[in-house]
Amino acid sequence: MAQNFSEVQTDMKNFYYSSCDVADINGDGFQDIVVNGAIDTDGDGSADTSFNEIYKNNGTTMTSYANLGVDVTHLGDIKFIDYNNDGLADIISTGLSYMDIVNYKHYRFRNTGSGFVKEAELPGKVYGSMEVFDFNHDGLQDYAINGAQYISGTGFVNKLDYYQNTGNGFLLIPGWMEGTQNSSFKMVDLNNDQLLDMVILGYDINSNPLFRVYLNNSGVLTLSQTLLSLANGKLEFADFNADGYQDIVVAAQDENYEGYLGVLMNDGTGHFSLQQFDIPEFSEPSLATGDLNNDGYYDFILSGNDENNNALVKVFLFNPAGQTFTENITTGLHTLGGPGFVHLLDYNNDHHLDVVLSGFDWADPGMPSLTKIFKNVSPEANLKPSPPVNLNLTRNGNKFNFSWSGAGDDKTPVNALRYEIKVGKTPGAHDVARYVITTPSWFLDLDPSIQNVYWSVRSIDASGVYSDPSAEGTLGTQDIIKDDEFLIYPNPASEKVFIKGKQITDVEMYAVDGRKLTVKKNADQSVNLFGFPKGIYFLKVKIKDQWTVKKLIIK
């Protein structure tokens, strides 16, 4: 069945060399948009002014809310980030400006609730990207910037810089990882160990294309897999086959400048096997993932240019029965080419993913760059998911361990659900942490002054629909266990795991999707692991009428 779309009239300007992000900036339940790029102010068909603007969603259309004045960029990236946990989406950006094409800039803007004010102006990067994440699990959102930067006396360098959120500002760690230009990178938990890993592609400092996977080993990103040499492209992640592990879709060019489109299927350990798509040549790609046909499974959309430099927009739907992707015929989308962007959002909250596209209309003799939103008019119903019902929280020292189960959805398999975790110091608050993760468990290493928290979780289906919040959980005194009271070994284990601790009265084990598994405690305080496939599990142990949880790896 063809996917049908219809254009939505908005106040959005037509952007050149642009990027965008989506978030609810004021908590009204509608997704808003920020765009950085350049515009054509004199109507001659060429971009002449850098311009960045925020558009507010009223549920029917997008209207201009605020712009970022003279502190603007294009040929870079822009992201929403709530870096002070006040529930208002702030903004970070990077790129160059027509007002100063030599000195690339990076800005931070704070959301005041009635607009945005600049809080930082720093050296920036071009031909790269930004990602927001909590790498050190302190509940504060960090970010990283990749791309090309000019340093006086040195020249151009490609480094990935990490900005660690301290709660009172950001600690810059320059050259945190080897960086790339004409690039893309993602921070995502690839092996469900609750630690964020990295996938990156682009040109290194010697102009060699690379495509690599780094796994997080106790806070250190370690090279795990070197894939095809790719650059000039984009990455996105999704659990396409709903096995509980995040896969990767990539659209880029190889070392011979030939287009490459493929999906990397994750085996559960963070190791990938490539599945290439046989499609004609393309360049300047953009990607987005989401359930476009409301069957519950993640699909993806690609925009860019074909071998004749004509614009292309293609939708690929995942077929769970055959574990394959099929190109779908779409109607109603305006075909826009690169450079530009494609993004998915449910702008009218009808539980269908809509499309925002920006890029060049190569079919028009004037070759303008346009920015448009298209409504998904599919008749397929999609109910919002149900929240988790079984919340578990324990604390070992300053480490708070969260896990949950019981979420569900009418279409999206439980393994493919994502979750928004909200943690506060008082009931209903989110001043400790609030962000989206891909696993039904997480941990936070919090300041010793935080002795208790209140928390809830919302499920998110493959169409980006949020459930209602779960019932709020909190920490009871019986859930606090000292580290020296409980030890499991060996870990990783294969046939049997032993539990060291006094007065252990009961043992439970759970899969990463929250399923309770059948195990029993032996007389020697061991648990047999025969028959369980390799992967990550959670062992819940009762000590002196107190429950605590530790991660167990079966190899």
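Couple of notes before you dig in:
- Ellipsoid semi-axes in whole angstrom, largest first, where each is sqrt(5λ) of the Cα gyration tensor of region 487-536: 18, 13, 10
- Proximal aspartates and glutamates to LYS118, defined as alpha-carbon separation beneath 16 angstrom and excluding residues fewer than eight positions away on the same chain: GLU53, ASP71, ASP82, ASP90
- When THR330, THR548 are compared by accessible area of protein heavy atoms, the largest-first order is THR330, THR548, using a 1.4 Å probe.
- Calculated diffusion of region 223-332, Stokes-Einstein form, Kirkwood radius summed over Cα pairs, 4 °C and 1.567 mPa s, µm²/s: 90 µm²/s
- Dimensionless Rg ratio for region 101-159, taking C-alpha atoms and the 2.2 N^0.38 Å reference: 1.35
- Listed residue (ASN392, THR371, PHE341) projecting farthest to the positive dipole end of region 262-395, Cβ model: ASN392
- Restraint check, LYS375/LYS411; LYS520/LYS551; LYS56/LYS425, Cα-Cα greater than 25 Å: LYS56/LYS425
- Packing-based ranking of 199-206, 167-174 yields 199-206, 167-174, ordered from highest to lowest mean Cβ neighbour count within 10 Å.
- Peptides 382-389, 143-150, 520-527 ranked from most to least packed give 143-150, 382-389, 520-527, packing being the mean of other C-beta atoms within 10 angstrom over each peptide's residues.
- The local environment of ASN191, defined by Cβ-Cβ distances under 10 Å, has a net charge of -4 under the rule Lys, Arg +1 and Asp, Glu -1.
- Note that the chain presents 39 Å² accessible area per residue, ligands and nucleic acids not counted, probe 1.4 Å.
- Ranked by solvent-accessible area (1.4 Å probe, protein heavy atoms only, all chains present), the residues HIS430, HIS271 order from largest to smallest as HIS271, HIS430.
- Between the alpha-carbon centres of region 287-319 and region 184-242 there is a gap of 21 Å.
- The share of Cα pairs per 10 Å bin across region 188-284, counted from zero up to the longest distance, runs 17, 47, 30, 6, 0 percent.
- The alpha-carbon of LYS422 sits under 21 angstrom from the alpha-carbons of these lysines, leaving out residues fewer than 8 places away in its chain: LYS79, LYS384, LYS399.
- In the chain, the alpha-carbon atoms span a convex hull of 149 Å³ per residue.
- Charge dipole (region 1-55, unit charges on Cβ, about Cα centre) - positive-most of TYR16, THR49, ASN4: ASN4
- Dipole axis of the chain (+1 Lys, Arg; -1 Asp, Glu on Cβ), positive-most option in PRO490, LEU201, PHE402: PRO490
- Calculated log₁₀ intensity ratio I(q)/I(0) where the Debye formula runs over C-alpha points of region 141-192, q = 0.16 Å⁻¹: -0.55
- All Cα-Cα separations within region 31-169 were binned at 5 Å from zero, giving a P(r) of 2, 10, 18, 21, 20, 15, 9, 4, 1, 0, 0, each value a whole percent of the pairs.
- When only the Cβ of Lys, Arg, Asp and Glu is charged (+1, +1, -1, -1), the dipole of the chain relative to its Cα centre reaches about 2320 debye.
- With eigenvalues of the C-alpha gyration tensor scaled by 5 and rooted, region 263-418, Å: 35, 19, 16
- Rg then Dmax, both in Å and based on the Cα atoms of region 132-239: 14.1, 45.
- Evaluated at q = 0.22, 0.23, 0.27 Å⁻¹, the base-10 log of the normalised Debye intensity for region 361-441, with identical point scatterers placed on the Cα atoms, takes the values -1.13, -1.19, -1.36.
- Percentage, to the nearest whole number, of Cα pairs in region 284-347 over 18 Å apart: 37 percent
- Residue list for region 232-271, given a label point 7 angstrom along the Cα-to-Cβ vector of ASP278 and an amide N cut-off under 14 Å: none
- Here region 264-391 is assigned +1 on the Cβ of each Lys and Arg and -1 on the Cβ of each Asp and Glu. Its dipole about the Cα centre then comes out at about 340 debye.
- Full-stretch length increase - ASP267, ASP100 - with 0.36 nm per residue and alpha-carbon distance subtracted: 55.5 nm
- Across region 221-260, the residues whose backbone nitrogen lies under 17 Å from the label position 7 Å along the beta-carbon direction of THR324 are 241.
- Heavy-atom accessible surface of the chain: percent carbon and sulfur, 1.4 Å: 48 percent
- In this rough spin-label picture, where each label sits 7 Å from Cα along the Cβ direction, the ASP524-ASP44 distance is 8.3 nm.
- Alpha carbon convex hull of region 1-82, volume per residue in cubic angstrom: 144 Å³
The values are calculated or read from the model by the stated rules, or taken from the named source; none is laboratory data. In this text the structure is predicted, and so the values were computed from the model without any measurement. Neighbour counts run over all protein chains shown; Cβ positions are idealised from the backbone, glycine included. Ligands, DNA and RNA are excluded from the accessible area calculation, which covers all protein heavy atoms including side chains. Shrake-Rupley method; radii C 1.70, N 1.55, O 1.52, S 1.80 Å.
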